[in-house]
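The values are calculated or read from the model by the stated rules, or taken from the named source; none is laboratory data. What you are looking at is a predicted structure, and each value in this text was computed from that prediction instead of being measured. Glycine also receives a Cβ, built like all others from the backbone with ideal geometry; neighbour counts cover every protein chain displayed. All accessible areas refer to the heavy atoms of the entire protein, side chains included, with ligands and DNA or RNA removed. Shrake-Rupley method; radii C 1.70, N 1.55, O 1.52, S 1.80 Å.
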Amino acid sequence: MKPLYTTVGIVGTGAMGRGIAQLAAQAGSLVKLFDTQIDATGKARDALGSQWDKLVDKGRLDAAQAAGYKARLLLAGTLEELADCDLVVEAVVERLDVKKSLFAALEGIVSPQAILASNTSSLSVTAIAAGLKQPGRFAGYHFFNPVPLMKVVEVIAGLKTEPATCEALAAYARQMGHTPVQAQDTPGFIVNHAGRGYGTEALRIVGEGVADFATIDRILKDQAGFKLGPFELMDLTALDVSHPVMESVYQQYYGEPRYRPSVITAQRLAGGLLGRKTGEGFYRYQDGVAQVAAEPATPTVSEMPPVWVSPRAARRSELLQLLKNLGANIETGASPSLNALVLVAPLGFDITTVAVVERLDPARTIGIDMLIDDAETKRRVLATNPATRSDMRDAAHALFARDGKAVSVIRDSGGFVTQRVVATIVNIASDICQQGICSPKDLETAVTLGLGYPLGPLAMGNRYGPTNILEVLFNMQTVYGDPRYRPSPWLRRRGAIGLSLMHEES
């Protein structure tokens, strides 16, 4: 297949620039590498050649193909040597002044028909293009690291970008074997915007003393199916990368509470606890392996109390069947006996609030998270309130561990852990759609490919029920009084009338 662009210029030969150059050469384009650092282009060409050689050695690439790819890599000693390029992609330092200066120079070098694109991850595409005479041919072209493996590309239109520019860049991304998604020029674009909820909400949970880092990671992996817990993920990406992104999106949205960063990451960044690359982050690392303390042992309980379940419990019939399967002595009266373990299963409310509203004895009241069907999870999560007796806590722990499923016991929290993190993710994604930043389909594609979530955020909301997610958010807003949890109109309206969160208005 003939490449959409015959000659492609790559400015900047760091990891991102090399990755884009690799894809362009493999797509059949002649690639010109330019970098202001002496010898950087030669090193980049050698690194790419070595990478292709390794694929040949492993039998994953034909030697003739590798030779062809190498032959398409050319070194440019000056910007002027990019004059015949019909596409130039910039992958230099994330500084607005540097990028603006570069594109002002390029505009006077390349032909009027050439496309100019920036791989910026955080700067405004409109702002970069502001000084250009032809801003219509300029767009954001955001790849993710490592470029060959991360298959999503955000194609970002500035205010003056012509639709044909984005259409052509999207088509070229497909030629390179990647999946393009179209985004408007807003802070964080799609992926970095949609990803704000996972880490920031987990940090809030830690900040409230609800649970420690390892417990939260276990819960979100075992209950909701995330591949990495939020603290494992931040250790992998490193806080010197992730915390500035949190601050940048928050500031660019003028203090929007949904994106509020955490003092926890600010402090740990200042202390140099960056993650794997420094040997210590939220976890300590030995030979690259996180050192994680063992989970608390299941308590031994000599005599199990009877169990009474609140009539307002979420998934009450399923909870009663689960208790029956576990061999619990279930009370069926209108109110619990004086010796009963009292179980509640709220959505969004904390255990304290439920005990007060339902006039239950808080000393014997324990909560269980039933947002997700128990059969779909690898872990059950219980929550105490400040007055819960230790014998009741131990009894509940022992009871729900009878069949061998893992159990985590946390302190009181509106929305436990999974409810509040999932609801925050779904709510932010809904608001991305409400703002018209991208289509629901592109949002789902960008998040599943770019963040590796088990489901796209809108599909996640549909799976657990938009009305349930709404209830979690409304009740968390009541518990915390924080506008962070106010539901997006997109979610509120679709949840209220029973529509899919991926439904677009005609």
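Per residue, the accessible area of the stretch 241-363 comes to 56 Å², computed with a 1.4 Å probe over protein heavy atoms only. Each of ASN462, ILE425, ALA446 was placed along the dipole of the chain (beta-carbon charges, centred on the mean Cα), and the one lying farthest toward the positive end is ASN462. To put it simply, the accessible area of the chain at a 1.4 Å probe is 52 percent carbon and sulfur. Cross-link check: pairs LYS221/LYS378; LYS378/LYS405; LYS151/LYS441; LYS100/LYS151 evaluated at a Cα-Cα cut-off of 18 Å; pairs beyond the cut-off: LYS100/LYS151.
On a per residue basis, the stretch 131-199 carries 35 Å² of accessible surface, using protein heavy atoms and a 1.4 Å probe.
Calculated [222 nm] ellipticity per residue, helices only, for the chain: -12500 deg cm²/dmol; basis is -39500 (n - 2.57) per DSSP H run with n ≥ 4, divided by all residues, nearest 500. To the nearest 10 degrees, how steeply does helix 96-107 sit against the main Cα axis of the chain, on a 0 to 90 scale? That works out to roughly 30 degrees.
About its Cα centre, the chain has a charge dipole of approximately 380 debye under the convention of +1 per Lys or Arg Cβ and -1 per Asp or Glu Cβ, with nothing else charged.
Here the dipole of the stretch 343-438 is about 240 debye; that uses its Cα centre as origin and unit charges on the Cβ of Lys and Arg (positive) and Asp and Glu (negative). How far, in degrees from 0 to 90, does helix 15-26 lean away from the longest principal axis of the Cα atoms of the chain, to the nearest 10? Approximately 60 degrees, to the nearest ten. Helix 390-400 and the longest principal axis of the C-alpha atoms of the chain enclose an angle of approximately 70°. For the stretch 391-490, relative contact order (Cα pairs under 8 Å, six or more residues apart, normalised by length) works out to 31 percent. Relative contact order of the chain: 12 percent, from C-alpha pairs under 8 Å at least 6 residues apart in sequence.
Per residue, the accessible area of the stretch 372-482 comes to 32 Å² when a 1.4 Å probe rolls over the protein heavy atoms. Rounded to the nearest Hz, the phi-derived 3J(HN,Hα) couplings of the stretch 443-457 under the Karplus curve 6.51 cos²θ - 1.76 cosθ + 1.60 (θ = phi - 60°) are 4, 4, 5, 4, 6, 5, 7, x, 10, x, 5, x, 9, x, x, where x marks glycine and proline. Tally Lys/Arg at +1 and Asp/Glu at -1 over every other residue whose Cβ is under 10 Å from the Cβ of ASP412; what's the total? In short, -1. Across the stretch 326-376, the relative contact order, built from alpha-carbon pairs under 8 Å that are at least six residues apart, equals 35 percent.
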